[in-house]
Amino acid sequence: RSFDRAIINAQNIIFNSEYTKGLFEQMYSHDVEKKVVPPLLDVQAISQIKLIEKGVVEDRLNIRKNSRWVFTVCRLVFRKGVDRSIKALIEIMREKEDIVYLIAGKGDEEDALRALVPDHLTNRVLFLGSISEQLKFSLLFHSEIVMMPNRGSGNDVEGFGISFIEEC
């Protein structure tokens, strides 16, 4: 395998977290210098993003006025656990008419996730697909809850989770 050849010939390997480094060490015993370099955010660039006013976002995305937003941004894959969020929020929405769940991202699970949403809630569980950085940070700012559940799924794990850092 080409990956195995690359490992054998590598002088250094850089990981995004101690966890992914540990996974590698469980699978390979190759004696190579290993470093952990967490992903970084360009705080200066982020601070230059002009946030979109909540009312403008509501109009643009056809979101009910004066609603309370729950937001998720991720790849729509099983490991991210968006199915759990949808199921939990459907229960909450039965009693809380002002909750809207906004899901940004694309992935293999999108159709299955959409199928979880009852027809009468499709205007309150919105799949936004890929969104701009400006919209992403505006949604992070205006949302009352940012929901980021995840689960292990074989070797597909949350190696670092930069979206957790972005929401801070």
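The values are calculated or read from the model by the stated rules, or taken from the named source; none is laboratory data. This is a predicted model, so every value here is computed, not measured. Virtual Cβ from ideal backbone geometry, glycine too; neighbours counted across all protein chains shown. Note: areas computed on protein heavy atoms with side chains; ligands, DNA, RNA excluded. Shrake-Rupley method; radii C 1.70, N 1.55, O 1.52, S 1.80 Å.
Annotations
- Annotation: lysines with alpha-carbon distance below 18 angstrom to LYS65 (same-chain offsets under eight excluded): LYS54, LYS96.
- Our summary of shape: the Cα atoms of the stretch 1-52 have principal axis extents of 49, 21, 18 Å, ordered from largest down, in whole angstrom.
- Against the chain, whose longest principal axis is taken from its Cα atoms, helix 133-142 shows a tilt of about 60°.
- Degrees, to the nearest 10: 18-27 long Cα axis against longest axis of the chain: 50 degrees
- Residues in the chain average 61 Å² of solvent-accessible surface per residue, probe 1.4 Å, ligands and nucleic acids excluded.
- FRET efficiency, ALA6 to ARG60 (Cβ-Cβ, R0 41 Å, nearest 0.05): 0.40
- The length gained on full extension between TYR19 and ASP98, counted as 0.36 nm times the residue separation minus their Cα-Cα distance, comes to 24.5 nm.
- Annotation: the stretch 60-101 has a Kirkwood hydrodynamic radius of 11.5 angstrom, from the mean reciprocal C-alpha pair distance.
- Of the GluC sites (Glu not before Pro) found in the stretch 51-127, the ones in coil according to DSSP and having at most 13 other Cβ atoms within 10 Å of their Cβ are GLU53, GLU95, GLU97.
- Placing +1 on the Cβ of every Lys and Arg and -1 on the Cβ of every Asp and Glu, with no other charges, gives the stretch 29-109 a dipole of roughly 80 debye about its Cα centre.
- Straight-distance crosslink candidates among lysines, where the alpha carbon sits under 24 Å from LYS35 and sequence neighbours closer than 8 are dropped: LYS21
- Binning the alpha carbon pair distances of the chain at 5 angstrom intervals from zero yields the distribution 1, 7, 15, 17, 16, 13, 10, 8, 6, 4, 2, 1, expressed in whole percent.
- Space enclosed by the convex hull of the alpha-carbon atoms of the stretch 76-141, per residue, Å³: 90 Å³
- Computed about the Cα centre, the dipole magnitude for the chain is approximately 140 debye when only Lys and Arg (+1) and Asp and Glu (-1) carry charge, each at its Cβ.
- To the nearest 10, the accessible area of SER29 is 120 Å² with a 1.4 Å probe.
- Alpha-carbon centroid distance for the pair the stretch 66-114 / the stretch 37-61, whole angstrom: 20 Å
- Sites ASP31 and ASP108 - FRET efficiency at Förster radius 35 Å, r taken between beta-carbons, to 0.05: 0.45
- Max-minus-min Cα coordinates of the stretch 11-95 on each principal axis give 58, 36, 16 Å, with the largest extent listed first.
- For the chain, carbon and sulfur atoms together expose 51% of the accessible surface, with a 1.4 angstrom probe and every protein chain in place.
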